[in-house]
1. Being assigned to a helix (DSSP H, G or I), exposed (fewer than 15 other Cβ atoms within 10 Å of the Cβ) and at pLDDT 95 or above narrows it down to one residue among ALA119, ALA82; which is it?
2. For the range 140-160, what are the residues that are open to solvent by 20 Å² or more (accessible area, probe 1.4 Å) and not polar (S, T, N, Q)?
3. Got a number for residues in the range 46-65 being in contact with a helix residue (DSSP H, G or I) (Cβ under 9 Å, 6 or more places away or on another chain) and open to solvent by 30 Å² or more (accessible area, probe 1.4 Å)?
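The values are calculated or read from the model by the stated rules, or taken from the named source; none is laboratory data. Worth saying up front: this structure is predicted, and the values here are computed from it rather than measured. All Cβ positions, glycine included, derive from the backbone under ideal geometry; neighbour counts span all protein chains shown. Ligands, DNA and RNA are stripped out before the accessible areas are found, and what is left, the full protein with its side chains, is counted by its heavy atoms. Shrake-Rupley method; radii C 1.70, N 1.55, O 1.52, S 1.80 Å.
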Amino acid sequence: MKKWKIGAALTVAAAVLAPLAFGNGPEAGAQSVQSPTRESFIEDPVAPRYQPAAYDLTIVMFSDYQCPYCRKVHPVLEQALAEDKKIRVIYRDWPIFGAASTTAARLAIASKWQNKHSAFHDQLMRMPGKLSDHSIRHAADLAGVNWDRLQADLKTHGTEIDALITRNSRQAASLGLQGTPGFIIGSYLIPGGLDLGTLREVIREARANPNGPPKQADGSAAERPAL
């Protein structure tokens, strides 16, 4: 997916950074969600999450562990989370790069039942090249995942995990995403990777305008000057 730089991302507020209209309400931006509700994206009980106690902004990330742009944006998001302790992240695994991606996604989700998702997710994103059974197991070992417990949780929760991945795929399609990564940051849709400067700006924008870009008198999104 295309990587958005700071000027490009924030000067297309009426398009790429359009407000997401959840549900069947009358307001719909250029990137809108007409059927799923907001809660279906951010409150899925099965989706792994990083959730500080006092968060005031939610980022939903659609990703694949073999996607090179997802791997590039991973340290960017990690740095943003280290700087800002009020961001929650909902991880939406969308394995579109083949069988190994699906295997990694299913195991990563299963690891949440032993409270190892953050560590396992980090190690999977750091794995070079194409994933294999060996490299996925290696990532689990580096993350301190109990492999026997992981396999047991995968067996116990396999139906829930597969249903989540199906929901993730449908939601990505409903957003019009063409590939990974993709983000919902507050009420803004970002299709593609971000550098740290752009991510910081989008976070500020999302907090300042939780319902999307400010509107002009005619109802259209106000234009922003180039940064």
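1. ALA82 is the lone residue from the list that is assigned to a helix (DSSP H, G or I), exposed (fewer than 15 other Cβ atoms within 10 Å of the Cβ) and at pLDDT 95 or above.
2. Across the range 140-160, the qualifying residues are ASP141, LEU142, GLY144, TRP147, ASP148, ARG149, ALA152, LEU154, LYS155, HIS157, GLU160.
3. Looking only at that region, the number is 3.
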